[in-house]
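Next up is a structure, given as structure tokens.
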Amino acid sequence: MATAPISIPAAARAPARPPCAPATPGSWNWRCHRCRRHWPLTITKCLTDDCGHVRCSLREGQPEHRRYCKVRFDIEGWRAHFNWRHRQEPGVGTEEDALAKMRDGTYRCEVDCAYPSQCYADRMEERLAARLSRLALDSSSHSSADDASADGPSSRPSSPAGGKQKSSSTTAAVRRVREHVNRPSPLNPAWTPEDIFL
């Protein structure tokens, strides 16, 4: 009895392998400046018997040479992990999705941020850019008004158009920018605020 040859179908194309996950990012931890031991950030007090130090940080106004507990977070490692994870899940993580999630109240930092407080840092960066552009516009409009009224008493209205009063901090900031335009920095006499508002 002869057996008929078995026909083997043409090999199907192998499915594309997903890219390998990047190396595991480092954990978020801190180092006690007294005993030099590392602890996870969730532990706020050094657990050694001879230390017992509570995690401290450098506060504004303190000298840079002061000893304090250093906090370490692997931003690059977590950013690579975030990018890899979003390549695995196409269509997730776009800016439009993030804005929609923020409006709906479904935005979660542990899923949607590449590093802790990324959404907060991005919002603060946008606010700072908007504030700097407003200060630049205010200083240019006030300097042109100052040039026009240089011969006589100030005829500038006490409140801007729209009837809203400026806060004292905004007024002080505008004054500082305006005065700096009139008196360049002694460190770099050629510098003007327009250089940073390009």
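Nothing in this text is a laboratory measurement; each read-out follows from the coordinates by a stated rule. Everything numeric in this text was worked out from a predicted model, so none of it was measured. Every residue, glycine among them, receives a Cβ derived from its backbone with ideal geometry; neighbour counts consider all protein chains shown.
For W30, which sequence-distant residues (separation of 5 or more, or a different chain) have an amide H within less than 5 Å of its own amide H, given hydrogens modelled in the peptide plane?
Amide H to amide H, under 5 Å and 5 or more residues apart or across chains, W30 pairs with W39, L41, R72.
In whole Hz, what ³J(HN,Hα) sequence does the range 53-62 give by Karplus (6.51, -1.76, 1.60; θ = phi - 60°), x for Gly and Pro?
So the J values, rounded to whole Hz, are 6, 8, 4, 10, 9, 6, 9, 4, x, 8.
Please give the length that would be gained between A130 and L41 if that part of the chain were fully extended, namely 0.36 nm times their separation in residues minus their C-alpha to C-alpha distance (nm, one decimal). Write out the running numbers ahead of the final one.
Details: separation 89, 0.36 × 89 = 32.04 nm, distance 3.34 nm.
Between A130 and L41, full extension yields 28.7 nm more.
Pulled fully out, how much extra length does the chain show between T3 and T170, if you take 0.36 nm times their separation in residues and subtract their Cα-Cα distance? Mind dumping the intermediate values first?
Values: separation 167, 0.36 × 167 = 60.12 nm, distance 9.32 nm.
Difference between extended and current length: 50.8 nm.
A follow-up question, please. Say R0 is 30 Å: what FRET efficiency, to the nearest 0.05, do R123 and H53 get from their beta-carbon distance?
It comes out at approximately 0.35.
A further question follows. Compute the FRET efficiency between Y68 and D104 as 1/(1 + (r/R0)^6), taking r as their Cβ-Cβ distance and R0 = 30 Å, and round to the nearest 0.05. The partial results should precede the final answer.
Numbers: r = 40 Å, r/R0 = 1.32.
It comes out at approximately 0.15.
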